[in-house]
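The values are calculated or read from the model by the stated rules, or taken from the named source; none is laboratory data. Predicted model only: the values in this text are computed from it and were never measured. Note that we place each Cβ from the backbone using ideal geometry, even for glycine, and neighbour counts take in every protein chain shown. Accessible surface is based on the protein model in full, side chains and every heavy atom, while ligands, DNA and RNA are left aside. Shrake-Rupley method; radii C 1.70, N 1.55, O 1.52, S 1.80 Å.
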Amino acid sequence: MNKLNLQLNKIMKYRIMYVISFFLFTLLTSTQVFAQFLPPTTIRTPYGNVTTPGSYTPRFYSFDNTYSSKFTFFIVLKNDSTLVANSKIKFRSRDKPSEISWKENGKKYTVTPDQTKEIYRIDVKRNKIRGIPQDSCWLFLIDTAKIDKKIKLYSMTSDISSPTISHFKLDKMNTILPLQKSTLEPYAQENEKAKKLVSKNQLLKAIEELNK
C-alpha cells in the first residue's frame, strides 16, 4: 500500500510539473508578440513555489507588425471639444496617418492626429495615459517614472506595458525625433560604446548606454 501511495504521489508530482511547464511555455510564447513586458510570476505547488523571471523587451515600430488593444479613448479636438471612442488605434501606413474609427448611432466617425490636441485613456489605477499628435501619429511617453533619463522614449501605442518604440527626445530639447539610426547617431558621437551600438542598429541598447 505504501509503495502504491509513493508511486501515485510520484505520478502526481510529474503531472503537476508538466502542467506548470506547459503553462509557462504558453505564457512566454503567447506574449512574445503582443506583451513585451512580462512581470515575475510565482506559482504555488504542493512541492514548492516556481518563479519565472520578468522580462522587458520593447519592440520597434514597423508598418506591418504593430498591435493596439481596444480602450476607451477621450479625443480632444483642436476646438477643445471632446469625443469618446471605445476603439483601437489604427496605426499609420506608408501613405496614411494613424486614425481612430468608431460607430455611433449607425454612423462611422474617423479622427486623425492632425485634427486633435491630444488623446488619452484612463488606466485601472486612474492614471492618465496621454498621447500627443506628432508626425502623422499619436505618441505616448512610456517612461514618465524615470525622470532622470537624458533621453525619453515614445510609443505609438497606448499599451504602455507592451510599447512599440517609434520616437525619442533629448531632455533639453523640444523636438521629438523618429527613432532611426540617422537621427540618433549625432547624439552618440561622444560615447564610443553607444556609437558602436548605433552602427549595429541596436538603438534601444544605445539609448540605454547614453542614459547611464
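For the reader, a short list of remarks on this structure follows.
- Subset of the range 72-86 (residues that are in contact (Cβ under 8 Å) with a residue 40 or more places away in the chain and farther than 17 Å from Ser98 by Cβ): Thr72
- Of all residues in the range 77-92 being out of contact with any helix residue (DSSP H, G or I) (no Cβ under 7 Å at 6 or more places or on another chain) and open to solvent by 50 Å² or more (accessible area, probe 1.4 Å), the one that is farthest from Ile132 (Cα to Cα): Asn86
- Filtered residues of the range 188-212 (kept if among the aliphatic types (A, V, I, L, M) and farther than 17 Å from Leu177 by Cα): Ala194, Leu197
- Candidates in the range 77-98 are the residues that are within 25 Å of the chain's Cα centre (by Cα) and basic (Lys, Arg); of these, the one that is modelled with the highest pLDDT is Lys88.
- Taken across the range 56-76, residues that are of a type outside the set (Phe, Trp, Tyr), farther than 23 Å from Met156 by Cβ and either open to solvent by 70 Å² or more (accessible area, probe 1.4 Å) or at pLDDT below 85 (or both) do not occur at all.
- Residues that are of a type in the set (S, T, N, Q), modelled with pLDDT under 85 and open to solvent by less than 60 Å² (accessible area, probe 1.4 Å), drawn from the range 137-180: Ser162, Thr164
- Answer residue from the range 99-136, given it is basic (Lys, Arg) and open to solvent by 60 Å² or more (accessible area, probe 1.4 Å) and is modelled with the lowest pLDDT among those: Lys125
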